1. Only one of (1) without any contact (Cβ under 8 Å) to a residue 12 or more places away in the chain; (2) outside any loop (DSSP other than H, G, I, E, B) is not met by residue 345, so which one is it?
2. In the set 136, 121, 103, 113, which member is away from the ligand (no atom under 14 Å from the Cβ), without any contact (Cβ under 8 Å) to a residue 24 or more places away in the chain and in the same structural domain as residue 43 (by TED's automatic domain parsing)?
3. Just to be sure I understand, how many residues within segment 64-85 are within 12 Å of the ligand (Cβ to nearest atom) and within 23 Å of residue 199 (Cα to Cα)?
4. Among (1) more than 16 Å from the ligand (Cβ to nearest atom); (2) touching a strand residue (DSSP E or B) at 6+ places or on another chain (Cβ under 9 Å), which single condition is residue 55 missing?
5. Give the residue that is farthest from the ligand (Cβ to nearest atom), with candidates limited to residues of segment 153-168 that are buried (at least 21 other Cβ atoms within 10 Å of the Cβ) and not in a loop (DSSP other than H, G, I, E, B).
Ligand SMILES: *Cc1c(COP(=O)(O)O)cnc(C)c1O
């Protein structure tokens, strides 16, 4: 079976080196030494200042909304993993959809501008598949209209825009370190804040609002990353250059063989590739389903990321987003991991092109 993804596992010896430290100190969670070390190393790798590790990428979004005190309406994209929108609904924030650009699959800045009303408080765009949003246009709208911006950067680990880390855009940017993501801590996530005050507030939020042995200063929740998650994170980070090198090879091979046959995601000028996903767009849904059926019957499992378009999900009920619905019906993500061999890629490509 060739699945859409296969989580990266570092060598046991490398992981054990970190886990031995947990056994030595018997410090399992609550901002332990490995979480502190991972925080410092990620700050350096991602070139960011205020980075807070949390237990998963969905909580990262929820904590970010709280820290920035978003309560009303937020403009977001219907073309994403459901957590981008469901986290808003869960927090009592009303998601207002704006349509995507049919080439970059990210929020269209003109559509965002049109969707702004007097009770809009925030914009929650997604750097989908690691392709960056038009951060300059969105940043301008946010300033002009007095809105907060929280980027769901779950797919954008390591992406650079004009040579600088993409995570510096927005009042906050969130990452998911779920096992299926490019970089992972089994489950986990992070929030990168622009302002130190917001970061300090979020630090309290993830620890029940407790700021000392006998002091509770406000409402909070449990959003902490534990030491075993951090151990995996450190071991995977040790291998990150190898991971990126291998993923670039896989990505480039797919591109070379498929670029003349399918629509591929367009990246805005200045946006680097982190080789997170390989989505292809078919001419219509019928050919997609035919190809998917053929791949499935040969033991290959691509996934319809992202389908359905979130504006069509029952409990959300948004206005009909034409581009998002169209792309989500025609897009398929091909199996992609550090473990995939060229031989397997050839098999996938052969099956795709013979439909
Ligand atoms: C994976 C993902 C999330 C959720 O992250 P978890 O760590 O699984 O909670 C949120 N948004 C996007 C775009 C994602 O791909």
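1. Here residue 345 clears every test but (1).
2. From the options 136, 121, 103, 113, the qualifying one is 136.
3. Residues flagged as within 12 Å of the ligand (Cβ to nearest atom) and within 23 Å of residue 199 (Cα to Cα) within segment 64-85 amount to 5.
4. Going through (1) more than 16 Å from the ligand (Cβ to nearest atom); (2) touching a strand residue (DSSP E or B) at 6+ places or on another chain (Cβ under 9 Å) one by one, residue 55 breaks only (1).
5. This residue is 161.
Each row is one residue, and each column tells you yes or no for (1) more than 14 Å from residue 135 (Cβ to Cβ); (2) more than 9 Å from the ligand (Cβ to nearest atom); (3) touching a residue at least 40 places away in the same chain (Cβ under 8 Å); (4) surrounded by fewer than 24 Cβ atoms within 10 Å (Cβ to Cβ).
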| residue | (1), (2), (3), (4) |
| --- | --- |
| 146 | yes, yes, no, yes |
| 151 | no, yes, no, no |
| 173 | no, yes, no, no |
| 180 | yes, no, yes, yes |
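The values are calculated or read from the model by the stated rules, or taken from the named source; none is laboratory data. Note that the structure is predicted; figures quoted are calculated from it, not measured. Neighbour counts run over all protein chains shown; Cβ positions are idealised from the backbone, glycine included.
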